[in-house]
Amino acid sequence: MTTYRSVNPARLDDVVAEVPLTDAAGFIAACRTARAAQRGWAAVPAPVRGQVIGNLGRLVRANFEALAQLVTREIGKPIVEARGEVQEIIDTCDFFLGEGRRLYGQTVPSEMPDKQLFTFRVPVGVAAIITAGNFPVAVPSWYLVPALLCGNAVVWKPAEYASASAAALAALVRRSGLPDGVFEVVDADGAATYEGLAGALDAGLVDKVGFTGSSAVGARIGELTGRHLQTPCLELGGKNPMVVTPDADLSLAVEGALFGGFGTAGQRCTSLGTAIVHESVYDSFVGSLDKALSDAVIGDPSRTDVLYGPMLADRFASRYEDYLGWIGEHHRVLGSGGRTGRITTDNPRANFVGDPDAGLFYHPVLVAGVRPDDELFRTETFGPIVGVMPYRDLDDAIDLANAPDYGLSSSIYTNDPRSAFAFRAGVSAGMVSVNNSTSGAEAHLPFGGNGRSGNGSRQSGVWVLDQFTRWQSMNWDFSGRLQKAQMDTQTITPDLDFRL
């Protein structure tokens with residue numbers, strides 16, 4: 001058994017946790033435990049299961065600051081954003097507390113006399129949930145809370161580099177009133193997780209898979225679950241466009257690009273990928289965003305005035321440096337005085353706070369002059385880099401917004417309702433913002449994407465209930481005789497030849 005060391009990316013000498021990683025057999029064993037406990041949990045009335053969700057919300061609120069500080073320490077998310085993430089768990093619990101009393105079915109009229117039809121939501125069974133670490137506690141709650149509320153057992157595999165935050169959330173979940181075995185946590189690397197998931201599916205131990213992560217891994221999970229005639233809940237990457245029209249409030253658009261593209265160091269699935277700006281305001285937008293980036297405070301994530309802190313972990317820093325290699329001669333690099341790469345004493349940045357050599361801090365990069373055939377335009381770049389390109393008319397902008405084949409989030413800055421609704425109708429993204437950034441979700445609104453961003457599944461709000469329940473119908477014939485549908489129905493005789 002190997003041990004993973006989770007370190008503070010803002011202070012690499014600070015070991016946050018040492019976590020033993022299990023193998024595929026450990027994953028399968030957790031699924032077997034969950035399977036044994038699930039039926040008893042499903043028998044608990046849904047309003048009572050809702051009380052457990054309410055308890056979790058209260059526990060998170062009581063531990064609010066401790067959890068936020070741990071998130072900041074472990075993944076380098078600025079403390080203001082970490083607090084927002086913890087609040088999102090509370091919002092999710094508040095919403096689903098009531099859903100325990102609203103897992104509605106329907107009573108449906110029958111075409112036969114003395115017969116009644118019903119529909120019921122029933123739990124799928126055991127849900128295996130695999131999450132990324134950029135939102136180490138909020139995004140898992142989007143899966144865990146509704147899955148448990150609906151009567152499922154859950155096996156959760158969090159990201160290794162966010163293992164301490166995951167352990168803290170798991171401790172709160174376990175103290176909310178859940179029976180033993182209903183909620184299992186597995187720490188494992190990617191290879192062991194995939195092998196274990198395959199084995200658990202083969203053994204009939206998993207009925208639903210939820211995954212947040214890269215499009216490439218999501219495709220593999222889709223293939224794996226498809227062999228078992230299952231549809232996973234996939235929340236994948238994004239190359240999220242922001243369109244800026246000639247009539248837009250440019251200062252607001254720049255603010256949205258700054259937060260959407262560079263908050264969390266650009267390490268969100270909803271981070272701004274490319275700003276598509278009308279040619280009449282292109283130069284003004286680029287100049288203003290360049291200044292805003294140059295003036296932004298970057299560094300120590302414990303401070304409330306920083307735009308962003310470090311990369312999440314070594315693997316993301318290394319991958320981000322590969323993305324920087326996609327910058328070509330036809331591009332203009334802005335945002336940090338033309339500097340790129342890791343911020344160090346030898347590669348400094350103005351408006352940096354903290355010790356640059358202590359962590360995985362990187363210069364923000366604004367790439368002007370991006371073209372449709374650039375890799376920077378076509379592929380998700382998980383880091384503090386945003387491309388900018390001009391457009392001539394709105395149809396052109398919509399075509400550019402859809403071109404990379406992702407479909408998670410999008411935004412348009414405009415004061416023209418016709419442009420806003422034309423963009424909404426034309427863009428392929430699952431989420432559209434008007435005069436707001438590409439980033440940001442609320443607990444009662446559907447979250448999810450299409451194309452390379454997902455398979456159309458949705459999280460949050462009542463829509464996620466379709467991921468963790470199956471519809472069951474029942475017909476009850478109390479006529480005392482066999483009534484055959486479509487054959488023994490009452491016949492109506494109209495006079496269809498009648499004319500006034």
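The values are calculated or read from the model by the stated rules, or taken from the named source; none is laboratory data. Quantities reported herein were computed from a predicted structural model and do not represent experimental measurements. We place every Cβ from the backbone using ideal geometry, glycine too, and count neighbours over all the protein chains shown. We work out accessible area using only protein heavy atoms, side chains counted, and drop any ligands, DNA or RNA first. Shrake-Rupley method; radii C 1.70, N 1.55, O 1.52, S 1.80 Å.
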Inset, instruction - Kindly list the number of the only condition in (1) in contact with a Cys (Cβ under 7 Å, 6 or more places away or on another chain); (2) in a loop (DSSP other than H, G, I, E, B) that fails for residue 145. - result: (2)
Inset, instruction - Select from segment 94-130 the residues that are open to solvent by 10 Å² or more (accessible area, probe 1.4 Å) and under 30 Å from residue 198 (Cβ atoms) and list them in ascending order. - result: 121, 122, 123, 124, 130
Inset, instruction - Only one of these is touching a residue at least 12 places away in the same chain (Cβ under 8 Å), part of a helix (DSSP H, G or I) and under 14 Å from residue 70 (Cβ atoms): 171, 164. Name it. - result: 164
Legend entry - Pick from segment 218-262, criterion among the hydroxyl-bearing types (Ser, Thr, Tyr) and out of contact with any Pro (no Cβ under 9 Å at 6 or more places or on another chain), ranking: surrounded by the most Cβ atoms within 10 Å (Cβ to Cβ): 245
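Is there a residue in segment 351-361 that is among the polar types (S, T, N, Q), open to solvent by 30 Å² or more (accessible area, probe 1.4 Å) and at pLDDT 95 or above?
To start, the set of residues in segment 351-361 that are among the polar types (S, T, N, Q) comprises 351.
The next check asks that each one be open to solvent by 30 Å² or more (accessible area, probe 1.4 Å); those that pass are 351.
Okay, now just the ones that are also at pLDDT 95 or above, so none.
Among the residues of segment 351-361, not one is among the polar types (S, T, N, Q), open to solvent by 30 Å² or more (accessible area, probe 1.4 Å) and at pLDDT 95 or above, which makes the answer no.
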Legend entry - Test: residue 309 is closer than 15 Å to residue 239 by Cα, out of contact with any helix residue (DSSP H, G or I) (no Cβ under 6 Å at 6 or more places or on another chain), crowded, with 23+ Cβ neighbours inside 10 Å and at pLDDT 95 or above: no
Inset, instruction - Starting from segment 325-348, take each residue that is closer than 24 Å to residue 379 by Cβ and at pLDDT below 95 and list its partners that are open to solvent by less than 40 Å² (accessible area, probe 1.4 Å) and basic (Lys, Arg), counting only C-beta distances under 6 angstrom and pairs at least six apart or across chains. - result: 336/349
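Evaluate the following for residue 91: is it assigned to a strand (DSSP E or B), open to solvent by 10 Å² or more (accessible area, probe 1.4 Å) and at pLDDT 95 or above?
Working: assigned to a strand (DSSP E or B): no; open to solvent by 10 Å² or more (accessible area, probe 1.4 Å): yes; at pLDDT 95 or above: yes.
In short, no.
The rows are residues; the columns are (1) of a type outside the set (Asp, Glu); (2) within 25 Å of residue 150 (Cα to Cα); (3) part of a helix (DSSP H, G or I).
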{"residue": "32", "(1), (2), (3)": "yes, yes, yes"}
{"residue": "37", "(1), (2), (3)": "yes, yes, yes"}
{"residue": "47", "(1), (2), (3)": "yes, yes, yes"}
{"residue": "50", "(1), (2), (3)": "yes, yes, yes"}
{"residue": "55", "(1), (2), (3)": "yes, yes, yes"}
{"residue": "68", "(1), (2), (3)": "yes, no, yes"}
{"residue": "104", "(1), (2), (3)": "yes, yes, no"}
Legend entry - Which listed residue, of 206, 173, is hydrophobic (A, V, I, L, M, F, W, C) and touching a His at 6+ places or on another chain (Cβ under 9 Å): 206
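For residues in segment 140-183 being of a type in the set (D, E, K, R) and open to solvent by 20 Å² or more (accessible area, probe 1.4 Å), which is farthest from residue 54 (Cα to Cα)?
160
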Inset, instruction - Take residue 180 and decide whether it is of a type outside the set (Lys, Arg) and farther than 26 Å from residue 77 by Cα. - result: yes
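Condition first: part of a helix (DSSP H, G or I) and closer than 13 Å to residue 235 by Cα. Now tell me which residues in segment 428-478 satisfy that.
Taking segment 428-478 first, the residues part of a helix (DSSP H, G or I) are 462-468.
464, 467 - these are the residues of segment 428-478 that are part of a helix (DSSP H, G or I) and closer than 13 Å to residue 235 by Cα.
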Inset, instruction - Could you tell me whether residue 83 is charged (D, E, K, R), crowded, with 20+ Cβ neighbours inside 10 Å and over 26 Å from residue 206 (Cα atoms)? - result: no
Inset, instruction - Enumerate the strands (runs of 3 or more DSSP E) found wholly within segment 196-254, keeping only those where 1 or more residues are closer than 30 Å to residue 285 by Cα and touching a strand residue (DSSP E or B) at 6+ places or on another chain (Cβ under 6 Å). - result: 240-244
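Across segment 65-75, what is the number of residues that are out of contact with any strand residue (DSSP E or B) (no Cβ under 7 Å at 6 or more places or on another chain) and either within 12 Å of residue 308 (Cβ to Cβ) or crowded, with 21+ Cβ neighbours inside 10 Å (or both)? Break it down stepwise before answering.
Filtering segment 65-75 for residues out of contact with any strand residue (DSSP E or B) (no Cβ under 7 Å at 6 or more places or on another chain) gives 65-72, 75.
After this cut, where a residue has to be either within 12 Å of residue 308 (Cβ to Cβ) or crowded, with 21+ Cβ neighbours inside 10 Å (or both) as well, the list is 67-68, 70-72, 75.
Number satisfying all stated conditions: 6.
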Legend entry - Subset of segment 449-500 (residues that are of a type in the set (Val, Ile, Thr) and either surrounded by 18 or more Cβ atoms within 10 Å (Cβ to Cβ) or over 28 Å from residue 153 (Cβ atoms) (or both)): 464, 469, 489, 491, 492, 493
Inset, instruction - Please work out which one of (1) among the hydrophobic types (A, V, I, L, M, F, W, C); (2) over 30 Å from the mean Cα position of the chain (by Cα); (3) surrounded by 23 or more Cβ atoms within 10 Å (Cβ to Cβ) is the condition residue 281 fails and give its number. - result: (3)
Legend entry - Residue in segment 413-435 that is least open to solvent (accessible area, probe 1.4 Å), counting only those that are over 17 Å from residue 453 (Cβ atoms) and of a type in the set (S, T, N, Q): 414
